[in-house]
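Visitor: Sharing a structure, written as structure tokens. Questions coming.
The values are calculated or read from the model by the stated rules, or taken from the named source; none is laboratory data. Worth saying up front: this structure is predicted, and the values here are computed from it rather than measured. Neighbour counts are summed over all protein chains in view; Cβ atoms, including those assigned to glycine, are modelled from backbone coordinates with ideal geometry. SASA here: full protein model, heavy atoms, side chains in, ligands and nucleic acids out. Shrake-Rupley method; radii C 1.70, N 1.55, O 1.52, S 1.80 Å.
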Amino acid sequence: MARATTTRPRARSTDSARRREILDIAAALLAERGIVATTVRDIGDRAGILSGSLYHHISSKGELIAEILVPVVRSQIEAFDAIAAATTDSNEIVRLLIEAAVAQTAVNPHAARILRNDSHHFAELAGLEEVVALQETVLSRWMSAVQDGIGAGAFRVDADPAIVTWSIADVVLGAYRFIEPVGRLPADRVADQLAAMILAGLASR
């Protein structure tokens with residue numbers, strides 16, 4: 001009996017570690033090749049496991065992508081909500097949102113790259129419905145921050161909230177190119193420069 005109770009947790013731990021390893025490998029490959037071009041077999045080959053055996057760990061490519069992206073986007077929404085609850089200053093909110101988004105990009109560069117480059121394919125792949133919904137929530141948070149700033153007179157009245165929102169999202173997700181280890185700059189310096197440029201462009205004339 002004692003042998004059985006020690007074996008099962010160890011097996012679950014090993015299985016969980018292997019799943020985490022597969023997710024990390026998949027994230028890097030999907031970021032590199034894109035979600036359309038990357039197959040389950042490609043992921044299996046990179047992980048050193050037969051594609052048939054890979055289905056022991058995942059049920060579909062969509063599920064795998066969702067498991068990579070959902071925690072990242074949820075975390076961003078939580079950060080955004082905490083910022084909005086902490087201050088009503090439009091410039092400060094946008095600056096802090098940019099800092100939070102760039103920090104998230106630095107921690108999850110592969111996920112950021114997938115979100116930036118392949119979001120237009122998400123609706124085509126079964127299993128990514130939650131990712132699509134969460135992404136829409138993120139964009140709505142950005143949109144609200146911009147609209148509130150325009151309404152408060154902090155941002156220029158001729159700013160188009162949709163254009164500004166999509167531009168900011170594209171810029172912060174693309175920040176992985178400048179942040180270590182892909183780039184050479186620390187995340188906080190990248191965030192500071194992006195915030196300065198974006199807020200200067202939004203400043204009320």
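Visitor: Note down the net charge around G174, summing +1 for each Lys or Arg and -1 for each Asp or Glu among other residues with Cβ under 14 Å from its Cβ. Let's see the in-between values first.
Guide: Values: positive: R113, R116, R177; negative: D118, D170.
Combined, the nearby Lys, Arg, Asp and Glu give +1.
Visitor: In whole percent, what relative contact order does the chain give with Cα contacts below 8 Å and a gap of six or more residues? Can you show the working numbers first?
Guide: Values: 200 pairs, mean separation 46.4, N = 205.
It comes to 23 percent, rounded to a whole number.
Visitor: Candidates (i) 17.7, 55; (ii) 19.5, 69; (iii) 19.9, 76; which is the computed Rg and Dmax of the Cα atoms in Å?
Guide: Recomputing Rg and Dmax of the Cα atoms in Å here gives the entry labelled (iii).
Visitor: What ³J(HN,Hα) values, in whole Hz, does the Karplus curve 6.51 cos²θ - 1.76 cosθ + 1.60 give for the stretch 25-35 when θ = phi - 60°, with x put for Gly and Pro?
Guide: 5, 4, 4, 5, 5, 5, 5, 6, 9, x, 6
Visitor: Between the stretch 40-112 and the stretch 164-190, how far is it from one alpha carbon centroid to the other, in angstrom?
Guide: Cα centres, the stretch 40-112 to the stretch 164-190: 15 Å.
Visitor: Work out the charge dipole of the stretch 54-205 with +1 on the Cβ of Lys and Arg and -1 on the Cβ of Asp and Glu about the Cα centre, then indicate which of I58, P186, L96 is farthest towards its positive end.
Guide: With unit charges placed on the Cβ atoms, the residue in question is P186.
Visitor: Here's another thing I want to ask about it. Give me the net charge for the shell around E67: Cβ to Cβ below 15 angstrom, other residues only, Lys and Arg +1, Asp and Glu -1. Walk me through the intermediate numbers first.
Guide: Details: positive: R18, R19, R20, K61, R74; negative: D15, E21, D24, E63, E129, E130.
That works out to -1.
Visitor: In addition: Report, in deg cm²/dmol and to the nearest 500, the calculated mean residue ellipticity at 222 nm for the chain, where each DSSP H run with n ≥ 4 adds -39500 (n - 2.57) and the sum is divided by the residue count. Display every interim value, and only then the final one.
Guide: Working: 9 runs with 150 residues, N = 205.
The helix-only estimate for the chain comes to -24500 deg cm²/dmol at 222 nm.
Visitor: Can you figure out the FRET efficiency of A17 with A126, using R₀ = 22 Å and their beta-carbon distance, to the nearest 0.05? Could the numbers behind the result be given before it?
Guide: On the way: r = 27 Å, r/R0 = 1.24.
The calculated FRET efficiency here is 0.20.
Visitor: Can you check what the net charge comes to around P109, using other residues whose Cβ is under 11 Å from the Cβ of P109 (Lys, Arg +1; Asp, Glu -1)?
Guide: Net charge in that neighbourhood comes out at +2.
Visitor: Next up: Express the carbon and sulfur contribution to the solvent-accessible surface of the chain as a percent, rounded to the nearest whole number, probe 1.4 angstrom.
Guide: On the way: 6030 of 10960 Å².
Summing carbon and sulfur atoms, their accessible area is 55 percent of the total for the chain.
Visitor: About its Cα centre, what dipole magnitude does the chain give when the only charges are +1 on Lys and Arg Cβ and -1 on Asp and Glu Cβ, stated in debye to the nearest 20?
Guide: That gives the chain a dipole magnitude of about 880 debye.
Visitor: Can I ask one more? With point charges of +1 on the Cβ of Lys and Arg and -1 on the Cβ of Asp and Glu, referenced to the Cα centre of the chain, which listed residue (G48, S167, T105) lies farthest in the positive direction of the dipole?
Guide: Going by the Cα projections, it comes out as G48.
Visitor: With every protein chain kept in place and ligands, DNA and RNA left out, what is the accessible area per residue of the chain? Probe 1.4 Å, answer in Å². Could the numbers behind the result be given before it?
Guide: Details: 10960 Å² over 205 residues.
Dividing the accessible area of the chain by its residue count gives 53 Å².
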